[in-house]
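Each remark here refers to the structure printed beneath this line.
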Amino acid sequence: MITNKKPRSSDTDSNYMRDDRTEMSEDDDRSPPSNSITHDSSPTRTCTPGPGSGSSSVPEYLAPYPDQVLENVLENALWLLTSRKDRNAASLVCRSWYRVEALTRSDLFIGNCYAVSPKRAMSRFTRIRSVTVKGKPRFADFNLMPPNWGAHFAPWVSAMAMTYPWLEKVHLKRMAGTGDDLALLAESFSGFKELVLVCCDGFGTSGLAIVVSRCRQLKVLDLIESEVSDDEVDWISCFPDSETCLESLIFDCVDCPIDFDALERLVARSPSLKKLRLNRYVSIGQLYRLMVRAPHLTHLGTGSFSPSEDVAQVEQGPDYASAFAACKSLVCLSGFREIIPDYLPAINPVCANLTSLNFSYADVSAEQLKPIISNCHKLQIFWVLDSIGDEGLQAVAATCKELRELRVFPVDPREDIEGPVSEVGLQAISEGCRKLQSILYFCHRMTNAAVVAMSKNCPDLVVFRLCIMGRHQPDHVTGEPMDEGFGAIVKNCKKLTRLAVSGLLTDRAFAYIGKYGKIVRTLSVAFAGDSDTGLKYVLEGCPRLQKLEIRDSPFGDAALLSGLHHYYNMRFLWMSACKLSRQGCQQIAQVLPRLVVEVIKHEDNVDMDEYVDTLYMYRSLEGPRDDAPQFVSIL
């Protein structure tokens, strides 16, 4: 199973289901990416007189409208369209709509940085103020992709610097960059306001220092689960000495000490600051000082939530509970990276207002959780470690009736242990949290009955990800495959768009997915499957499938070739440690020339074996990329 990824931080409020999520969640791919550049040959529609009409019988008002008049009307109308799906549909009506839609679009979303070139995207969309670019596929988070694969930010920022001088926002996910890239960004956009880096790498504190010093209108700097190198630069001190525009500052992933005095001064001169997430080098005593400075925070990441070594022996510490009580607007709480449970009761004063609580770094027991969770009646998002056990999940189910999203991560990812959560906790959640829409659940044992119960009790599920650790684990009570459980999920949960399956599964489970999963967009498969027939059921039965991720499964060339009719409609297909031959992959490349077919070999496998290590396929308007490393063969 995929368990070696650290649980991610959450920072969402009660509106977390909105279409445009700041965190760029994988679940936010319900509409096609706006980088689809499709030319339409339909002529502009105009009014013309019918045949046989005399000049005197044709009223003057039936004369064709000039294109400019039509486009002015369209421009005013299209400004009202905000979703990518609606705008893409509008652009396909006719040439005028295509042209005007491009001129009125201010947000550019690129779902795959290799699907379109920066030049092509920016020649069409010329008035962009916000750019979102995604790079590597999600399995890169789990060390399944070799380092230095690609997804470089450099060509994008270079093109943006020449085309979009008024750019205000850049959101990157799984992109690789450098300090020079950040320097160019800071130098090129005088009105730049928002930088969000999610699961990115290559950036360092020196680049951050340039951004915060030169971007005087910066409102958002969010570094989320990114690898930021320590260049021994005091980047916090580089913010302007004057009052700032900061609204959100997230740096809990930056694993190096910061100048706390500079941070405290920064918070004090940032009256608009609403979101602040601290790294593990900030002690609970320092957290107290920041909270006193900024009681207006709505989102707070606590840092270590333990005292620093030099004050650990002080008998009388600050009144932490009073500091939390003063934060009347606090709705989202995370952090707790090196928690000492004795300090946990300090958060009690804010629990009644919380809509989001992230304990995914806090190794707490059920007994330590219960006094906290019993006050969280408004909670909608809860991330937690499995150390709370089934008993802790039962306490969540008893209190959190408004829960929409639950993620349970493993403390110990080993497969050969008996984990603390099971079907008991899952069934309790399904019975107590009937409004649940999204769940990620790591466990070591499960039953079909518990999964069937969840499908019936929580019919509004949009995301269901069940990760049974240990390969090919059956229903631990009956010994049967987990087919009926997953079949019930796709059958009863009519809104399901994302599914992750695991455990002992036969072709029957995949037949259920193909039959009932008509709106599933993302499917993840790990250590599961019987034969090629199973994948064939999925590829032939799921018309809206956009992203398919498979690892360590028995699917081979026949299964791969069964999807030829659908691959042009998908964002990507990833298959690693399966039974694919190079010849089978080559056949796909020959039949579908507009599909980029990458075969990736890993360092420990210099000579290609009978089967390829990894196949990564994606649609592209540009053809094969020109920055592929040596371990990537593009067929």
Judged on accessible area alone, 1.4 Å probe, highest first, H299, H565 line up as H565, H299
Reported to the nearest 10 Å², E622 has, with a 1.4 Å probe, an accessible area equal to 70 Å²
Residue span S365 to K456: 0.36 nm per residue of separation minus Cα-Cα distance leaves a gain in nm of 29.8 nm
Mean Cβ-within-10 Å packing, highest first, puts peptides 472-481, 210-219 in the order 210-219, 472-481
Answer in debye to the nearest 20: the dipole magnitude of region 550-635 about its Cα centre, from +1 Lys/Arg and -1 Asp/Glu charges placed on Cβ, is 480 debye
With all protein chains present and a 1.4 Å probe, the order of Y281, Y618 from largest accessible area down is Y281, Y618
Largest-first ranking of T104, T506, T533 by accessible area, probe 1.4 Å, whole protein assembly kept, is T533, T506, T104
Region 182-224, Kirkwood Rh and Cα Rg, ratio Rg/Rh at 0.93
Straight-line reach check, K274, cutoff 21 Å on alpha carbons, 8 or more apart in-chain or any other chain, hits among lysines -> K169, K193, K219, K328, K378
Taking the reciprocal of mean 1/r across every pair of different Cα atoms in region 350-468, the Kirkwood radius in Å is 13.9 Å
Unit-weight point scatterers at every alpha-carbon of region 67-177, Debye formula, q = 0.22 1/Å: log10 I(q)/I(0) is -1.18
Toy charge model, Lys and Arg Cβ at +1, Asp and Glu Cβ at -1: the chain dipole around Cα centroid in debye, rounded to 20, equals 2660 debye
Cross-link reach from K456 to lysines, straight Cα distance under 20 Å and at least 8 residues apart if same chain, gives K401, K435, K491, K494, K495, K515, K518
For T302, other-chain or 5+-apart residues with amide H closer than 5 Å (H placed, Pro excluded) are L278, S334, G335, F336
Taking only the alpha-carbon positions of region 135-179 as identical scatterers, the Debye log10 I(q)/I(0) at q = 0.26, 0.27, 0.30 Å⁻¹ comes out as -0.97, -1.01, -1.14
Cα-based Debye curve of region 190-335 sampled at q = 0.09, 0.12, 0.15, 0.16 Å⁻¹ gives log₁₀ I(q)/I(0) of -0.26, -0.47, -0.74, -0.84
Here the averaged projected area of region 268-376, based on the convex hull of its alpha-carbon atoms and given in nm², is 6.6 nm²
Computed Rg/Rh for region 572-635 (Cα atoms; Rh = Kirkwood radius) stands at 0.94
Around F305 (Cβ within 12 Å, Cβ-to-Cβ, excluding F305; K/R +1, D/E -1) the net charge comes to -2
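Going by a ≥ b ≥ c, the root eigenvalues of the Cα gyration tensor, does region 439-546 fall in the rounded group (a/c under 1.5), the prolate group (a/b larger than b/c) or the oblate group?
oblate
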From DSSP H assignment alone, runs of 4+ in the chain each adding -39500 (n - 2.57), the sum over residues rounded to the nearest 500 puts [θ] at 222 nm at -8000 deg cm²/dmol
On the accessible surface of the chain, probed at 1.4 Å with all protein chains in place, carbon and sulfur together account for a percent value of 50 percent
Long-range alpha-carbon pairs in the chain, meaning those over 45 Å apart, account in percent for 23 percent
If each part is reduced to its alpha-carbon centroid, region 224-244 and region 482-518 end up apart, in Å, by 46 Å
Rg (one decimal) and Dmax (whole number) from the Cα set of region 465-605, in Å, equal 14.9, 49
Rounded to the nearest 5, the percent of antiparallel DSSP beta bridges in the chain equals 15 percent
Loop-resident chymotrypsin sites (Phe, Trp or Tyr not before Pro) in region 154-216 with no more than 13 other Cβ atoms inside 10 Å, DSSP not H/G/I/E/B, are W166
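Taking only protein heavy atoms and a 1.4 Å probe, what accessible area per residue, in Å², does the chain have with all protein chains in place? Display every interim value, and only then the final one.
Numbers: 25840 Å² over 635 residues.
On a per-residue basis, 41 Å².
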The size of the Cβ-based charge dipole (Lys, Arg +1; Asp, Glu -1) of region 335-400 about the Cα centre, to the nearest 20 debye, is 320 debye
Projected convex hull area of region 428-486, Cα atoms, direction-averaged, in nm², equals 3.7 nm²
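The values are calculated or read from the model by the stated rules, or taken from the named source; none is laboratory data. Just so we're clear, the structure is a prediction, and the values are computed from it rather than from any experiment. A quick note on method: Cβ atoms are made from the backbone with ideal geometry, for glycine too, and the neighbour counts reach across all protein chains shown. These accessible areas exclude ligands, DNA and RNA; they are computed on the full protein's heavy atoms, side chains included. Shrake-Rupley method; radii C 1.70, N 1.55, O 1.52, S 1.80 Å.
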